[in-house]
Amino acid sequence: MKKNLSFLLALLLSLSMLNAQNNSEGVKKHQLKVNLLPAPNIDYEFGISEYATLSLQIGTELGSITNIKTNKSHIGLFPLAEISFRQYYNYERRLEKGKNTFNNSANFYGIIASYNSSNAIIIENNINVVNDLFQTGGVYGFQRTYIKKLNFGFEVGIVYSYSKPIGGKVQPYLNFNLGWILL
């Protein structure tokens, strides 16, 4: 009887700790993840208030560029540096519904600013690209963490893109990633 009571108490305690981890209010103060798809990069997200974060991302990005002379598109892997502000807004609603908020699993809106180098790491047909790309704009997105470490993120928005020979233009922005949370 004593063993059963101890086991039941231990089980209830561990379940409540698990529930507290999955349903913590507010964003995680420090989160480091390695995104593997669609291109490898490192993302460090840190909380600046209860529901807001800054995210710094360095690595590569899968991109498509168009050769101005031939008007032909090419796919490549380009160096990337990005900073984004995220305001998470549905934490409380997710908690009320009993959904996971662990590792910033919530919806957000925000602002991004990114720089893509023209020095492609890998590019189809080895063409020479000479225009770096700068982007800034507004996004809406979400991220979800499964099995405590597997992270999926998605963003969509409108950005202003600028590169030297082409100039600036407003265009749609679409980004997703699949990664692993290190801490």
Answer yes or no: is there a residue in the range 22-36 that is touching a helix residue (DSSP H, G or I) at 6+ places or on another chain (Cβ under 8 Å), over 16 Å from S114 (Cβ atoms) and among the acidic types (D, E).
yes
Can you tell me how many residues within the range 121-160 are of a type in the set (D, E), in a strand (DSSP E or B) and at pLDDT below 90?
0
E92 vs (1) farther than 29 Å from Q171 by Cβ; (2) surrounded by 13 or more Cβ atoms within 10 Å (Cβ to Cβ): all pass except (2)
What is the number of the single condition among (1) farther than 24 Å from A120 by Cβ; (2) in a strand (DSSP E or B) that G59 does not meet?
(1)
Give all pairs with beta carbons closer than 9 Å in which a residue from the range 100-114 that is under 14 Å from L174 (Cα atoms) meets a residue that is at pLDDT 95 or above and of a type in the set (K, R); count only pairs at least 6 apart in sequence or on separate chains.
Y109/R86; G110/R86; I111/R86
Can you confirm whether the range 158-180 contains a residue that is in contact (Cβ under 8 Å) with a residue 40 or more places away in the chain and closer than 20 Å to Y51 by Cα?
no
Among the residues of the range 140-170, which ones are closer than 21 Å to F108 by Cβ, surrounded by fewer than 16 Cβ atoms within 10 Å (Cβ to Cβ) and over 15 Å from the mean Cα position of the chain (by Cα)?
K148, I158, Y160
Which members of the range 103-120 meet the condition of being out of contact with any helix residue (DSSP H, G or I) (no Cβ under 9 Å at 6 or more places or on another chain) and at pLDDT 95 or above?
F108, Y109, G110, I111, I112, A113, S114, Y115
In the range 71-95, what residues are of a type in the set (D, E) and either at pLDDT 90 or above or part of a strand (DSSP E or B) (or both)?
E82
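The values are calculated or read from the model by the stated rules, or taken from the named source; none is laboratory data. Small disclaimer: the values here were computed from a predicted structure and weren't measured. Glycine gets a Cβ as well: all are built from the backbone with ideal geometry, and neighbour counts include every protein chain shown.
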